[in-house]
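Chemist: This is the structure I have questions about; it appears just below.
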Amino acid sequence: MTFQFASRMQHVGPSAIRELLRLGADPDVISFGGGYPDASLFPTDALSRLFRDVLEARGATALQYTVSNGIAPLRAQIAARARRDGIACDADQVLILNGGQQGLDLVAKMMLDPGDVVITEDPTFLGALVAFAPYEPRYRAVRMDDQGMDTDDLLRVLQAGPRAKFLYTVPDFQNPTGVTMSLPRRRRLLELAREFDLLVLEDTPYRALRFEGEAPPTLKSLDTDGRVIHLGSFSKLLAPGLRLGWAIAGDELIQRLGLLKLAGDTQCGTLAMEVVSRFLDGYDLDAHVERIRRTYRRKRDVMLRTIEACFPPHIAFTRPQGGMFTWLTFPAGFDAARFMAETMLPRAKLAYVPGESFFPVAGRANHARISYSTQDEDTIVRGMTLLGGMLTEALG
Ligand code: PMP
């Protein structure tokens, strides 16, 4: 039969990100592409005990439906952690989500009619572009540098109009660039948001993975008039397979997002919420995150050192202070996707993420995202040395 798909399906294609997840799953390919956490750091033993304990002690509750915003104890624990990070909130301003990714979908669903404008960093998180796509936005992309979103360029975009429905930013160790927005930029961004009456969507899955230096405050903690929706996630702190994240926002926004959550998937899995709540009660999440930070920090150091030693000098790379990614800038005219398809994969079974699809408006071919989280240190050295050799051959 001929299916009469909704017009929005024109914007839902096989995405680059799906291709990458598939590539990353091929055991023969050494992938620096996928944004997977290091699985050896998952707290498997603790979770295994907790799943059994929760099922034995509270099976009837843990396997039952529950409230759509998420179980109250976990909302309270998330609110308490957010307050420690300077965000004034209580459990009622927390909505538990099926990963931070669901927050991207729900905010777009709440705000966007076809053709509405969304402002993003340039480049921005590919998964956000994929989440927003069915709602058919138009983008205005704001330049970035090593201080994060360039607020002078943001002012230009805001003045040029049309008025945007919201601004999306990943201020901490951004995916894909690894860059963190400086405090002056954060303050200026919010000043402009107030002046132009703009809703801000702050996405922070990497925030706790800081290796060094002082964390600038979240946009949400600097938000004086309830215009920031803050997203967080347990994916990089515990395990992405639990599919638990959260939104923090004022009452009206959380209520509306909660109604959309109810309509879409009723609630997050009660069992996973019960287990994570018990984990936060009985285990030291901060100590666990500290282990993750130490491991990623070593991996970052090894990766940057090897890049420095082995890559041609005219390839630029960012020096992230946390998170999982560095961002390569090749000379103009270099096609990173083609290089991967024609050289890296056939010759060395090496993969990164070509940067083009992270640009919401005009793709640039001469970038790639490389992740240091997944592979072990030896593989990072071997992979970057091989890549450096191939790049030297190609670029001189
Ligand atoms: N936002 C950003 C910036 C991300 O990098 C990711 C994961 N790669 C997500 C959101 C979604 O993560 P999750 O749904 O697993 O919480």
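Chemist: From the list Ser40, Ser31, which one is under 30 Å from Thr295 (Cβ atoms), hydroxyl-bearing (Ser, Thr, Tyr) and touching a Leu at 6+ places or on another chain (Cβ under 9 Å)? Write out each step before concluding.
Modeler: Working: Ser40 fails: touching a Leu at 6+ places or on another chain (Cβ under 9 Å).
It is Ser31.
Chemist: Here is a list: Gly241, Gly226, Gly282, Gly245. Which entry is open to solvent by 30 Å² or more (accessible area, probe 1.4 Å), within 16 Å of the ligand (Cβ to nearest atom) and not β-branched (Val, Ile, Thr)?
Modeler: On the way: Gly226 fails: within 16 Å of the ligand (Cβ to nearest atom); Gly282 fails: within 16 Å of the ligand (Cβ to nearest atom); Gly245 fails: open to solvent by 30 Å² or more (accessible area, probe 1.4 Å).
On inspection, the qualifying residue turns out to be Gly241.
Chemist: Determine which member of the set Ala141, Ala193 is away from the ligand (no atom under 14 Å from the Cβ) and assigned to a strand (DSSP E or B). Walk me through how you get there before you give the answer.
Modeler: Values: Ala193 fails: assigned to a strand (DSSP E or B).
Just one listed residue meets the conditions, Ala141.
Chemist: Given the structure, is Met340 at pLDDT below 95, within 26 Å of Lys236 (Cβ to Cβ) and not charged (D, E, K, R)? Full working, then the answer.
Modeler: On the way: at pLDDT below 95: yes; within 26 Å of Lys236 (Cβ to Cβ): yes; not charged (D, E, K, R): yes.
So Met340 fits the description; yes.
Chemist: Write out, first by first residue and then by second, each pair whose Cβ atoms fall under 8 Å of each other, whose residues are 6+ apart or on separate chains, and whose first residue, in region 149-168, is closer than 12 Å to Glu121 by Cα while the second is surrounded by fewer than 16 Cβ atoms within 10 Å (Cβ to Cβ).
Modeler: Met149/Arg143; Asp150/Arg143; Asp153/Arg143
Chemist: For region 59-81, how many residues are within 30 Å of Leu129 (Cβ to Cβ), more than 16 Å from the ligand (Cβ to nearest atom) and out of contact with any strand residue (DSSP E or B) (no Cβ under 7 Å at 6 or more places or on another chain)?
Modeler: 1
Chemist: Further question: Just to be sure I understand, how many residues within region 95-117 are of a type in the set (A, V, I, L, M, F, W, C), more than 12 Å from the chain's Cα centre (by Cα) and within 15 Å of the ligand (Cβ to nearest atom)? Walk me through how you get there before you give the answer.
Modeler: First, pick out the residues of region 95-117 that are of a type in the set (A, V, I, L, M, F, W, C): 95-97, 104, 106-108, 110-112, 117.
Applying the additional criterion that residues be more than 12 Å from the chain's Cα centre (by Cα) yields 95-97, 106-108, 110-112, 117.
Still in the list and also within 15 Å of the ligand (Cβ to nearest atom): 95-97, 106-108.
Qualifying residue count for the region: 6.
Chemist: Take the residues in region 123-134 that are in contact (Cβ under 8 Å) with a residue 40 or more places away in the chain and surrounded by 21 or more Cβ atoms within 10 Å (Cβ to Cβ); name whichever of them is nearest to the ligand (Cβ to nearest atom). Break it down stepwise before answering.
Modeler: Filtering region 123-134 down to residues in contact (Cβ under 8 Å) with a residue 40 or more places away in the chain leaves 123-130, 133-134.
Adding the requirement that they be surrounded by 21 or more Cβ atoms within 10 Å (Cβ to Cβ) leaves 123-126, 128-129.
On the way: Pro123: 11, Thr124: 9, Phe125: 4, Leu126: 9, Ala128: 7, Leu129: 11 Å.
Out of the qualifying residues, it is Phe125.
Table: residues versus (1) within 16 Å of the ligand (Cβ to nearest atom); (2) part of a strand (DSSP E or B); (3) within 23 Å of Arg207 (Cα to Cα); (4) open to solvent by 10 Å² or more (accessible area, probe 1.4 Å).
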residue: Lys261; (1), (2), (3), (4): yes, no, no, no
residue: Leu271; (1), (2), (3), (4): no, no, no, yes
residue: Glu274; (1), (2), (3), (4): no, no, no, yes
residue: Arg278; (1), (2), (3), (4): no, no, yes, yes
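Chemist: Restricting attention to region 82-93, does a residue exist that is open to solvent by less than 20 Å² (accessible area, probe 1.4 Å), of a type outside the set (Ser, Thr, Tyr), assigned to a helix (DSSP H, G or I) and away from the ligand (no atom under 16 Å from the Cβ)? Break it down into steps so the answer makes sense when it comes.
Modeler: So in region 82-93, the residues open to solvent by less than 20 Å² (accessible area, probe 1.4 Å) come out as 82, 87, 89.
Next, from what is left, pick out any that are of a type outside the set (Ser, Thr, Tyr): 82, 87, 89.
Still in the running and assigned to a helix (DSSP H, G or I): 82.
Checking which are away from the ligand (no atom under 16 Å from the Cβ) leaves us with none.
Scanning region 82-93 turns up no residue that is open to solvent by less than 20 Å² (accessible area, probe 1.4 Å), of a type outside the set (Ser, Thr, Tyr), assigned to a helix (DSSP H, G or I) and away from the ligand (no atom under 16 Å from the Cβ).
Chemist: Please name all residue pairs, on different chains or six or more residues apart, with Cβ atoms under 7 Å, provided the first residue is in region 218-243 and is part of a loop (DSSP other than H, G, I, E, B) and the second residue is β-branched (Val, Ile, Thr) and at pLDDT 95 or above.
Modeler: Qualifying pairs under 7 Å: Thr218/Ile87; Thr218/Thr204; Arg227/Val200; Phe234/Val276; Leu237/Val289; Leu238/Val276.
Chemist: Tell me yes or no: at least one residue of region 139-162 is in contact with a Gly (Cβ under 8 Å, 6 or more places away or on another chain) and either of a type outside the set (Lys, Arg) or open to solvent by 30 Å² or more (accessible area, probe 1.4 Å) (or both). Steps first, answer last, please.
Modeler: Keep residues of region 139-162 that are in contact with a Gly (Cβ under 8 Å, 6 or more places away or on another chain), which gives none.
Looking for residues that are in contact with a Gly (Cβ under 8 Å, 6 or more places away or on another chain) and either of a type outside the set (Lys, Arg) or open to solvent by 30 Å² or more (accessible area, probe 1.4 Å) (or both), one finds none in region 139-162, hence no.
Chemist: Name the single residue, out of those in region 47-79 being within 20 Å of Pro240 (Cα to Cα) and of a type in the set (D, E, K, R), that is most open to solvent (accessible area, probe 1.4 Å).
Modeler: Top of the filtered list is Arg52.
The values are calculated or read from the model by the stated rules, or taken from the named source; none is laboratory data. These numbers come from a predicted model, not from an experiment. All Cβ positions, even for glycine, are placed from backbone atoms using ideal geometry, and neighbour counts span all protein chains on display. When the accessible area is computed, the model is the full protein with side chains, heavy atoms only, and any ligands, DNA or RNA have been set aside. Shrake-Rupley method; radii C 1.70, N 1.55, O 1.52, S 1.80 Å.
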